[in-house]
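Everything below concerns the one structure shown next.
Values quoted throughout were computed directly from the atomic coordinates according to the rules given, and no laboratory measurement underlies them. Just so it is clear, the model here is predicted, and its values are computed rather than measured. A quick note on method: Cβ atoms are made from the backbone with ideal geometry, for glycine too, and the neighbour counts reach across all protein chains shown.
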Amino acid sequence: MGVAFLSFSKKINAIKDMESASKKSKPAVSGEIPNNYYRFHLPHLHLVSVFGDDWFSLKAEAFARFFGTPVFLIGQTVVVAVWILLNALGYTKFDIYPFILLNLAFSLQAAYAAPLILLAQTRQADRDKAHADADAQHREALAIASEDRQKLASQQADQLLELLQQNTQMTKLIKELSEHIDTLTQDIHNKAGA
């Protein structure tokens with residue numbers, strides 16, 4: 001997890017760099033993906049983990065995450081099986097049946113595992129909350145952009161309808177003027193021929 005958090009920190013630094021670069025660069029061409037797509041995470045950069053981001057917290061979280069991996073579960077199963085076999089078959093006598101030392105080891109492991117798992121869950125909950133807030137802001141921005149597009153489309157449709165009406169009126173006027181010109185032309189031809 002330490003590595004994952006460090007990569008998250010690198011992403012945040014990259015977001016800051018992208019934001020400053022996007023302010024300096026020209027606006028994106030239509031259809032182009034903007035390079036500041038993490039911009040909704042920027043307001044949450046001030047959030048720090050409840051337990052801090054020091055070395056111990058990062059290592060403790062990484063260790064707590066390791067508890068749930070198949071490597072840990074299989075490794076622990078192998079160690080316990082070997083422990084029981086060595087003591088039950090009499091190869092060694094350091095923890096004979098009922099395996100009190102093994103129970104003590106499990107109790108010690110549980111005593112440390114529970115707080116480490118809670119620490120990892122709390123830190124993950126903080127990150128999930130920040131991501132949920134950023135996603136909500138993004139959805140809101142998309143909704144506002146959609147409303148703006150609908151308003152613009154409605155305005156353009158109204159303008160198009162008005163232009164069509166003006167075109168119809170101009171066509172009628174041109175027809176009337178053409179008929180009037182035709183009438184005048186025939187009158188001139190009639191007067192010139194008479």
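Electrostatic tally near SER154: other residues with Cβ closer than 13 Å to its Cβ, Lys and Arg +1, Asp and Glu -1, net -2.
Here the simple spin-label model places points 7 Å from the Cα toward Cβ, and for GLN156 and TYR97 these points are separated by 8.3 nm.
With both labels modelled 7 Å from their Cα along Cα-to-Cβ, the VAL71 to ALA111 distance reads 2.7 nm. Computed from point charges on the beta carbon alone (+1 for Lys and Arg, -1 for Asp and Glu), the dipole magnitude for the range 83-187 about its Cα centre is near 1120 Debye.
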